[in-house]
Amino acid sequence: MEATLKVKEKKWWHNKVVYQIYPRSFYDSNQDGIGDLKGICEKIPYLKELGVEIIWLCPVYQSPNDDNGYDISDYYNIMAEFGTMEDMQILIDECSRNNISIMMDLVLNHSSDEHPWFQEARKSKDNPYRDYYIWRDGADGREPTDFQAFFGGSAWEYTEETGQYYLHTFSKKQPDLNWENPKMKSSLFAMVNFWIEKGIRRFRLDAIDYISKDLDNNIMGNGPRLHEFLSELNRNTYGKRADTVTVGETGGNNPLTARMYTKPEHHELDMIFQFGIIDLDGVRSGDWSPKPYTLKDIKEVLEKWQGKLEPDELEGLVLNNHDNPRSVSRYVSNNPQFRIAGAKMLATMLHGLKGVPFIYQGEELGMTNIKFSDISDYRDIETLNFYYRKATEGWTEEKIMEYIYRNSRDNARTPMQWDDSKHAGFTKAEPWISVNPYYKDIHVKQCLEDHTSVFYHYQKLIRMRKDNEVLVYGDFRMICTEDEKVLAYVRTLRDKRLIIVCNFYEEETQINIQNYGTGKVLLSNYPGTQTDLSRLKLRPYEAVIFQVETVSL
Ligand code: NOJ
């Protein structure tokens, strides 16, 4: 049976790709070693060349940077190191002139402990801001409960002033806001509207599944009022406009709970991120222990999610972000010979899926993980806390560093590699975190000069999504399900059918997909890809998008 287009409403952003910028590490325009807003502005031509039309900025608000901007001390101001509100307005306007819109990070689950609300709240139990946060008495001289914070240690922190503890899901400098307090909510809604007024129409909602809790029943996230709160946020802010786009960072979902966020009639969010694949190997699990997985597990994730999407539903597709190690280092053999083919294969796999792909800066160059020999070269609070905690627990230095090499968020946070000059052309000063020593081989200048580079592969994929509606709305169907080396799936829309085939390994292999028709190569990461689908030989990490003549399945 042929798939027909059942989407109720096509939206302009459905065929777009989002590019995530970690401003601290993107481009330093004023030579202080830290990336900034003017730096992003200077690189708009690069973003245009790539073809992205939405850029997501990790938080640029004023912050003491305990968690690099995810601890906000003033939601109405720009972090001084990044520039001024005027620079932000220039960036918004400049982007808009270039048909690029900005997605801002909304950190609504917590603020900084240096936010005036918290500074007030901690003073006394009857302070008007006290209920902006979550306070409890200790239990028998200890923390109220044994909740653990994401970055290690108890999620409760004692304050001398009132002898009570406050809750922090992340670091102790990120106290959780109390969404049960209507005044607190109104303050956040006013802030979101301030940014909408400034021209921002896209939002990424940080850790949004944590805003509702049920502490009496030991529930820190995904609490009973989560969807009510989100719908309230929507109706009071971005939901009032038709031209907004939102994506939520949420965890622990299955396709049914995911739908709760994105059903249009629920008025919550447009999309949530799909972390199914990047959650498989244990990198983002609490204890960082490696979890073995195979290609079969990746197939199961895709089957479970992509296979079950309603025509209207789009996932935020991700293999990289600022919280994860680089995908090439993670999913491709560490033999440098395969880096380029591997990076293109992963990109093909992701961009062929149904949803909105999110590219993280440097992914389009095939940037890799780092291995700094000394812990003092690392900057990320989660990494540093892990190091000191494990050292106290008696782990050897070697074992701790092995875990850090594999898992650290700093793998993704080293400066963007623009050229092969000192500090990779990111800055002329000492960068806030060292550049990846591989920058001499992997950088923008080289990629732009080489038409076979990873960059141009991404450029083609981005363009293909705009030119092929089947990639946006087509049905998803996994094929070759039992094959242990090859991931293959079909996207079908009316009489258009594409087959996406990815060899996930460094060995050559062969598959037979002749049942699906005869193919024409639309995109491949190798020259001279075969078209005999009955004996399709795939080279190491070869990835192909075939357009096939439809045969009834
Ligand atoms: C998720 C963000 O992506 C991460 O970088 C941050 O540390 C936590 N939320 C806390 O805001």
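The values are calculated or read from the model by the stated rules, or taken from the named source; none is laboratory data. If you're wondering where the values come from, they're calculated on a predicted model, not measured in any experiment. Virtual Cβ from ideal backbone geometry, glycine too; neighbours counted across all protein chains shown. Just the protein is used for accessible areas: all its heavy atoms, side chains included, with ligands, DNA and RNA removed. Shrake-Rupley method; radii C 1.70, N 1.55, O 1.52, S 1.80 Å.
Counting only residues that are of a type in the set (Val, Ile, Thr) and farther than 23 Å from ASN68 by Cα, which one in region 190-225 is farthest from the chain's Cα centre (by Cα)? Result: ILE219. Looking at region 227-250 only, could you name the residues that are within 16 Å of the ligand (Cβ to nearest atom) and either open to solvent by less than 10 Å² (accessible area, probe 1.4 Å) or β-branched (Val, Ile, Thr) (or both)? Listed by number, the residues that qualify are THR246, VAL247, GLY248, THR250. Got at least one residue in region 326-348 being under 18 Å from VAL501 (Cα atoms), more than 16 Å from the ligand (Cβ to nearest atom), assigned to a helix (DSSP H, G or I) and among the polar types (S, T, N, Q)? The answer is yes, given that some residue of region 326-348 is under 18 Å from VAL501 (Cα atoms), more than 16 Å from the ligand (Cβ to nearest atom), assigned to a helix (DSSP H, G or I) and among the polar types (S, T, N, Q). Of the listed requirements (1) open to solvent by 40 Å² or more (accessible area, probe 1.4 Å); (2) closer than 26 Å to VAL301 by Cα, ASN253 misses just one: (1).
Let's see how each residue does on (1) assigned to a helix (DSSP H, G or I); (2) in the same structural domain as GLY239 (by TED's automatic domain parsing); (3) touching a His at 6+ places or on another chain (Cβ under 7 Å); (4) not hydroxyl-bearing (Ser, Thr, Tyr):
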{"site": "GLY252", "(1), (2), (3), (4)": "no, yes, no, yes"}
{"site": "TYR261", "(1), (2), (3), (4)": "yes, yes, no, no"}
{"site": "LEU280", "(1), (2), (3), (4)": "no, yes, no, yes"}
{"site": "SER285", "(1), (2), (3), (4)": "no, yes, no, no"}
{"site": "TYR293", "(1), (2), (3), (4)": "no, yes, no, no"}
{"site": "LEU302", "(1), (2), (3), (4)": "yes, yes, no, yes"}
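Of all the listed residues (TYR158, TYR165, TYR70), the sole one being away from the ligand (no atom under 16 Å from the Cβ) and open to solvent by less than 50 Å² (accessible area, probe 1.4 Å) is TYR165. When residues in region 272-325 are screened for being in contact (Cβ under 8 Å) with a residue 12 or more places away in the chain, open to solvent by less than 40 Å² (accessible area, probe 1.4 Å) and over 22 Å from VAL501 (Cα atoms), 12 of them pass. Quick check: is even one residue across region 446-455 under 24 Å from GLN337 (Cβ atoms), surrounded by fewer than 17 Cβ atoms within 10 Å (Cβ to Cβ) and of a type in the set (Gly, Ala, Ser)? Among the residues of region 446-455, not one is under 24 Å from GLN337 (Cβ atoms), surrounded by fewer than 17 Cβ atoms within 10 Å (Cβ to Cβ) and of a type in the set (Gly, Ala, Ser), which makes the answer no.
Among residues of region 373-402 that are under 25 Å from LYS173 (Cα atoms), those with a Cβ under 6 angstrom from a residue that is part of a loop (DSSP other than H, G, I, E, B) and more than 16 Å from the ligand (Cβ to nearest atom), sequence gap 6+ or separate chain, pair up as ASP377/SER434. Just one of the listed residues (GLY355, GLY366) is assigned by TED's automatic domain parsing to the domain that holds TYR438, small (Gly, Ala, Ser), in contact with a Lys or Arg (Cβ under 6 Å, 6 or more places away or on another chain) and open to solvent by less than 50 Å² (accessible area, probe 1.4 Å), and it is GLY366. Within region 133-155, the only residue that satisfies the criterion of being crowded, with 18+ Cβ neighbours inside 10 Å, aliphatic (A, V, I, L, M) and away from the ligand (no atom under 15 Å from the Cβ) is ILE134. Restricting region 371-387 to residues that are more than 16 Å from the ligand (Cβ to nearest atom) and part of a helix (DSSP H, G or I) leaves a set whose member that is surrounded by the fewest Cβ atoms within 10 Å (Cβ to Cβ) is SER376. Filtered by the rule that a residue be closer than 25 Å to GLU53 by Cβ and in contact (Cβ under 8 Å) with a residue 40 or more places away in the chain, region 242-257 gives ASP243, THR244, VAL245, THR246, VAL247, GLY248, GLU249, THR250.
Restrict the check to region 259-271 and report whether at least one residue is within 16 Å of the ligand (Cβ to nearest atom) and crowded, with 22+ Cβ neighbours inside 10 Å. Yes, some residue in region 259-271 is within 16 Å of the ligand (Cβ to nearest atom) and crowded, with 22+ Cβ neighbours inside 10 Å. Of all residues in region 388-409, those being part of a helix (DSSP H, G or I), of a type outside the set (Ser, Thr, Tyr) and either assigned by TED's automatic domain parsing to the domain that holds ARG24 or farther than 24 Å from GLY362 by Cα (or both) number 7. Under the condition of being assigned to a helix (DSSP H, G or I) and under 26 Å from the mean Cα position of the chain (by Cα), the residues counted in region 171-189 number 3. Residues in region 485-523 that are among the charged types (D, E, K, R), farther than 24 Å from ASN335 by Cα and out of contact with any strand residue (DSSP E or B) (no Cβ under 8 Å at 6 or more places or on another chain): ARG494, ASP495. Only one residue in MET88, MET104 is in the same structural domain as ASP243 (by TED's automatic domain parsing), within 16 Å of the ligand (Cβ to nearest atom), within 30 Å of TYR27 (Cβ to Cβ) and crowded, with 21+ Cβ neighbours inside 10 Å. Which one? Residue meeting the stated conditions: MET104.
A quick yes/no check of all residues on (1) assigned to a strand (DSSP E or B); (2) at pLDDT 95 or above:
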| position | (1), (2) |
| --- | --- |
| GLU507 | no, yes |
| GLN510 | yes, yes |
| VAL521 | yes, yes |
| TYR526 | no, yes |
| THR529 | no, no |
| LYS537 | yes, yes |
| TYR541 | no, yes |
| VAL544 | yes, yes |
| VAL551 | no, no |
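Being within 30 Å of ARG389 (Cα to Cα) and away from the ligand (no atom under 16 Å from the Cβ) holds for only one residue in ASP297, ASP281, and it is ASP281. The residue list ALA412, ALA429 contains one member that is within 16 Å of the ligand (Cβ to nearest atom) and within 20 Å of SER25 (Cα to Cα), which is ALA412.
Of the helices (runs of 4 or more DSSP H) contained entirely in region 410-477, those carrying at least 3 residues that are without any contact (Cβ under 8 Å) to a residue 40 or more places away in the chain fall at 444-449. Being small (Gly, Ala, Ser) and more than 16 Å from the ligand (Cβ to nearest atom) is true of SER29. Within region 192-223, the set of residues being away from the ligand (no atom under 16 Å from the Cβ) and part of a helix (DSSP H, G or I) comprises VAL192, ASN193, PHE194, TRP195, ILE196, GLU197, LEU215, ASP216, ASN217.
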